[in-house]
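J.: Mind having a look at this structure? Questions to follow.
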Amino acid sequence: MITKELINPKSIVVVGGSDDIHKPGGRVLKNLIDNKFKGELFVVNPKAEEVQGLKSYHDVSDLPQVDLAILAIAAKYCPSSVDVLANQKGTKAFIILSAGFHEENQEGAVLEQQIVDTINKTGGCLIGPNCIGVMNTNYTGVFTTPIPTFDPMGVDFISGSGSTAVFIMESGIPKGLTFNSVYSVGNSAQLGVEDVLEYLDNSFDPKTSSRVKLLYIESINHPKKLLKHASSLIRKGCRIAAIKAGSSSAGSRAASSHTGALASSDVAVEALFRKAGIVRCYGRDELTTVASIFMHPELKGKNIAVITHAGGPAVMITDVLTTNGLEVPPISGPKADELLTKLYPGSSVANPIDFLATGTAEHLGDIIDACENDFDYIDAMIVIFGSPGLFPVYDVYDLLDKKMKACKKPIFPVLPSVINVKDEIEQFISKGHINFPDEVVLGNALTKVYHTQKPSPENPELPTIDTKTIRNIIDSSANGYLAPNKVQQLLDAAGITRAGEAIVTNTSDAVSKSKELGFPVVMKVVGPVHKSDVGGVALNVTSEQEVTAQFERMIKIKDTTAILIQPMLKGVELFVGAKREDKFGHMVLCGLGGIFIEVLKDVKAGLAPLSANEALTMIRGLKSYGIIKGVRGQEPVNENQFAEIVSRVSALVNAAPEIFEMDLNPLLGTSTKVVAVDARIRIEK
């Protein structure tokens, strides 16, 4: 739990503070002094009487009561110092900058645990060790630079990496991004990214709290906590963007199901972020650009006016926007004609609105006013204005400043001439604005923000299933793949429509069951994982003689224990799967089935539980959704039934968390029904 002493300490001690500002202890002390910490500031250094103008205490035992301790001493000395501070000096907050703990060796891990145990027993909180520190509007407890401009409405930034936090700030500060707080959690010995986010959620005040949160995460240790508090903050009106590093896999593993091959920890991260409403970013510049967009009014629609005095950037951003689902709609009509009369000859208002390299601040003002007041279908403006360096452009940026403060529609300024008009841009930023120096980076980030969904319901409405029967089947089964009859019982208990079928072990039963089901039938081996690969599937079997021949052939295939017979159904092949992912719970996946799942690998994943509406969103997000809708006269799939099956699978794995992997592949979908044809379920208790 984060204490008030970490957020707003009345007194701080730097243990290991020195005059050498090239070392962490010296630099953090200098930062606190230079940025005018208003409380009492103490230093502990056994070798000095005075450090940076402050009296130096030789030992922590000599200190008075102190709220926050920042430690910059060797790891081996930290446990004893923490013990004295926590038990004798009433210290309730600790920031340990020092390295040499669990990230280094087992001895360091032992020291780290001793520190955590001490702080936990005394009700304190710990940031670190092995971090750059914490800073906010009250104090700058870090040993690094730059120190950003602090603003209560600036960004709250939580990072799992200290150096990366510095690089992200260095990306954002030149754009004009301001900060409310920065937390570098380091080893996360007691408090990690999720815990700080929990504090920001629980302490959120709609009148005074920042509404923009940035995360840099290297490992998600508590995904359910992250999901809960991120989605809660977003429902309260916040916006969150995050980088989750380590998305690739160094190698592949053998998987016994399609779901196992397609579902990975990164797929789970993607599903978590989508469920929470977090904008996922993949680089520092993208993250700070998304944060900069968050600092503007929210984009309510997809129609953008691109206002420019330079053709090239306008073309490039128009390409990005329209390729990624936003619109740069044509502007025409009497109001457009009237606007054109106010501009120099040769200008265009068709959108992009090009008012030429010779265009003036007055022209820009007329265009912005028209987009704000006359063109109702325009939802936002992107203004591109640079300079070849021939003359100052203060008047243009002053005009832009006034219009951005007055207009209700968001205006995103692209000021690319960061050298030629450096002074003008700095003055513009000093008035509380943000610059987007690259129009393509802005365009990509803007489309990503626009398309990020709102958080899913905290308690989604799930279909009714027969939980008692499901539990009886699971509890009476051993680990491994369930027998076909138990799979059928589970599907029935979950309300998942399946094809009629029979499992036979001799020729006479094969013939009689085929006649009962009705020709034509499909015959499949029971046992081998990938039936098609071993010749274990026979389609469109139309006679008793053919049933006999196929049975005698297929029963000899290696690992085959029986033959499954089903009626020959037609429809679009679909896929639904589920996999239990460590810490995240169950992922449920859907897409096209059959061989398409292996060739296209076009699947969407969601974290259970999933409502039918969430499932519909997943289905409609597939690249292959056009096939599901029906193309060139083909029969569409009943996507509501498809979505219901996805939701029922999520309800099934909720009722039976022992399900480790599950494949429904294929399901056959028509305009009237979606039916499961083949299923495999593996449980691990």
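J.: Got a sec to turn the phi values of segment 202-213 into Karplus ³J(HN,Hα) couplings, 6.51 cos²θ - 1.76 cosθ + 1.60 with θ = phi - 60°, whole Hz, x for Gly and Pro?
T.: Result, ordered by residue: 5, 9, 5, 10, x, 8, 10, 8, 4, 10, 10, 10 Hz.
J.: While we're looking at this one, here's another question. Ordered by residue, what ³J(HN,Hα) values in Hz, to whole numbers, does segment 376-389 give under the Karplus form 6.51 cos²θ - 1.76 cosθ + 1.60, where θ = phi - 60° and Gly and Pro are x?
T.: Calculated HN-Hα couplings, in order: 4, 7, 7, 9, 6, 10, 10, 10, 9, 8, x, 7, x, x Hz.
J.: Helix 78-88: angle to the longest alpha-carbon principal axis of the chain, degrees 0 to 90, nearest 10?
T.: Orientation of helix 78-88: about 70 degrees from the principal axis.
J.: Rank Ala655, Asn420, Thr507 by how far each Cα sits towards the positive end of the charge dipole of the chain (+1 on Lys, Arg Cβ; -1 on Asp, Glu Cβ) and give me just the farthest.
T.: Final value for the positive-end residue is Thr507.
J.: Taking N as the number of residues in segment 304-433, what is its alpha-carbon radius of gyration divided by 2.2 N^0.38 Å? Present the calculation step by step, with values, prior to reporting the outcome.
T.: Numbers: Rg = 13.9 Å, N = 130, 2.2 N^0.38 = 14.0 Å.
With N residues counted in segment 304-433, Rg over 2.2 N^0.38 Å equals 0.99.
J.: Would you pull out the residues with amide H under 5 Å of Ala93's amide H, same chain only if 5 or more places away, H placed 1.01 Å from N?
T.: Ala69, Cys125
J.: Next up: Which of the peptides 308-314, 411-417, 620-626 is most tightly packed, and how do the rest follow, judged by the mean count of other Cβ atoms within 10 Å per residue?
T.: Working: 308-314: 20.0, 411-417: 22.7, 620-626: 14.3.
Result, highest mean first: 411-417, 308-314, 620-626.
J.: Give me the mean projected area, in nm² to one decimal, of the convex hull enclosing the Cα positions of the chain.
T.: Values: hull surface 147.4 nm².
Projected over every direction and averaged, the Cα hull of the chain covers 36.8 nm².
J.: Calculate, axis by axis, the spread of Cα positions in segment 4-135 along the three principal axes, and write the results as whole Å, longest axis first.
T.: Computed over the Cα atoms, the extents are 38, 29, 26 Å.
J.: Provide Rg over Rh for segment 140-294; use the alpha carbon set for both Rg and the Kirkwood Rh (inverse mean inverse pair distance).
T.: On the way: Rg = 16.0 Å, Rh = 16.1 Å.
My calculation of the ratio gives 0.99.
J.: Using Cα pairs closer than 8 Å and at least 6 residues apart in sequence, work out the relative contact order for segment 500-568, in percent.
T.: Numbers: 131 pairs, mean separation 33.9, N = 69.
Reported as a whole number, the value is 49 percent.
J.: Now, a different point. Using the structure shown, select from Lys236/Lys300; Lys207/Lys604; Lys454/Lys629; Lys213/Lys275 the pairs with a Cα to Cα distance greater than 28 angstrom.
T.: Lys207/Lys604
J.: Further question: Within segment 1-58, list the trypsin sites (Lys or Arg not before Pro) lying in a DSSP loop whose Cβ has at most 13 other Cβ atoms in a 10 Å radius.
T.: Working: sites: Lys4, Lys10, Arg27, Lys30, Lys36, Lys38, Lys47, Lys55; in loops: Lys10, Lys36, Lys38, Lys47.
Here the trypsin sites (Lys or Arg not before Pro) that fit, given the DSSP loop and packing criteria, are Lys36, Lys38, Lys47.
J.: What do you get for the angle between helix 394-406 and the principal long axis of the chain? Use alpha-carbon atoms, 0 to 90 degrees, nearest ten.
T.: On a 0 to 90 degree scale, this one is about 60.
J.: Rounding to the nearest 20 debye, state how big the charge dipole of segment 572-683 is about its Cα centre with +1 on each Lys and Arg Cβ and -1 on each Asp and Glu Cβ. Please report the intermediate quantities before stating the final value.
T.: On the way: 13 positive and 13 negative charges, 40 e Å.
The dipole of segment 572-683 has a size of about 200 debye.
J.: Kirkwood hydrodynamic radius for segment 346-399: how many Å is it when counted over pairs of different Cα atoms? Could the numbers behind the result be given before it?
T.: On the way: mean 1/r = 0.0826 Å⁻¹.
It works out to 12.1 Å.
J.: Once you charge only the Cβ atoms, +1 for Lys and Arg and -1 for Asp and Glu, what is the size of the charge dipole of the chain about its Cα centre, to the nearest 20 debye? Before the final figure, lay out each step's value.
T.: Values: 68 positive and 77 negative charges, 279 e Å.
The calculation lands at about 1340 debye.
J.: Oh, and also: Using modelled amide H (1.01 Å from N, peptide plane; none on Pro or chain starts), what sits under 5 Å from the amide H of Phe660, excluding residues fewer than 5 places away?
T.: Arg682, Ile683, Glu684
J.: Name the lysines eligible as straight-distance cross-link partners of Lys30: C-alpha to C-alpha under 24 Å, and not fewer than 8 places from it in the same chain.
T.: Counting by Cα, and skipping residues close in sequence, Lys30 has these lysines nearby: Lys4, Lys10, Lys38, Lys47, Lys55, Lys89, Lys92.
J.: List the residues, sorted by chain then number, that are 5 or more residues from Gly593 or on another chain and whose placed amide H is less than 5 Å from its amide H.
T.: For Gly593, whose amide H was placed from the backbone, the distant partners under 5 Å are Glu573, Leu574, Phe575.
J.: Relative to the Cα centre, what is the charge dipole magnitude of segment 500-568, using +1 at the beta carbon of each Lys and Arg, -1 at the beta carbon of each Asp and Glu, and rounding to the nearest 20 debye? Show your work: numbers first, answer last.
T.: On the way: 7 positive and 8 negative charges, 27 e Å.
Approximately 120 debye in magnitude.
J.: Mind listing the phi-derived Karplus ³J(HN,Hα) values for segment 166-183, rounded to whole Hz, using 6.51, -1.76 and 1.60 with θ = phi - 60°, and x for any glycine or proline?
T.: So the J values, rounded to whole Hz, are 4, 5, 5, 5, 5, 6, x, 4, x, 6, x, 6, 10, 10, 9, 7, 9, 10.
J.: In addition: With N residues in segment 382-429, what two-decimal value do you get for its Cα radius of gyration over 2.2 N^0.38 Å?
T.: Details: Rg = 10.6 Å, N = 48, 2.2 N^0.38 = 9.6 Å.
Taking N as the residue count of segment 382-429, the ratio is 1.10.
J.: Also, quick follow-up: Scaled to the compact-protein estimate 2.2 N^0.38 Å, what is the alpha-carbon radius of gyration of segment 363-502, rounded to two decimal places? Let's see the in-between values first.
T.: Values: Rg = 29.4 Å, N = 140, 2.2 N^0.38 = 14.4 Å.
Working it through for segment 363-502, the quotient is 2.04.
J.: Now for a different question. Identify, among Gln52, His22, Tyr377, the residue whose Cα sits farthest towards the positive end of the charge dipole of the chain, taking +1 on the Cβ of Lys and Arg and -1 on the Cβ of Asp and Glu, with the dipole about the Cα centre.
T.: After comparing all options, I get Tyr377.
J.: Taking only Cα atoms, what is the 0 to 90° angle, nearest 10, from helix 311-323's long axis to the longest principal axis of the chain?
T.: Once rounded, the angle reads 40 degrees.
J.: One quarter of the convex hull surface, Cα atoms only: what value does that give for segment 573-632 in nm²?
T.: On the way: hull surface 17.5 nm².
For the Cα atoms of segment 573-632, the hull's average projected area reads 4.4 nm².
Throughout, read-outs are computed from the coordinates displayed, never taken from laboratory work. Bear in mind the structure is a predicted one, so any value in this text is a computation, not a measurement. No Cβ is skipped: glycine too gets one built from the backbone with ideal geometry, and neighbour counts run over all protein chains shown.
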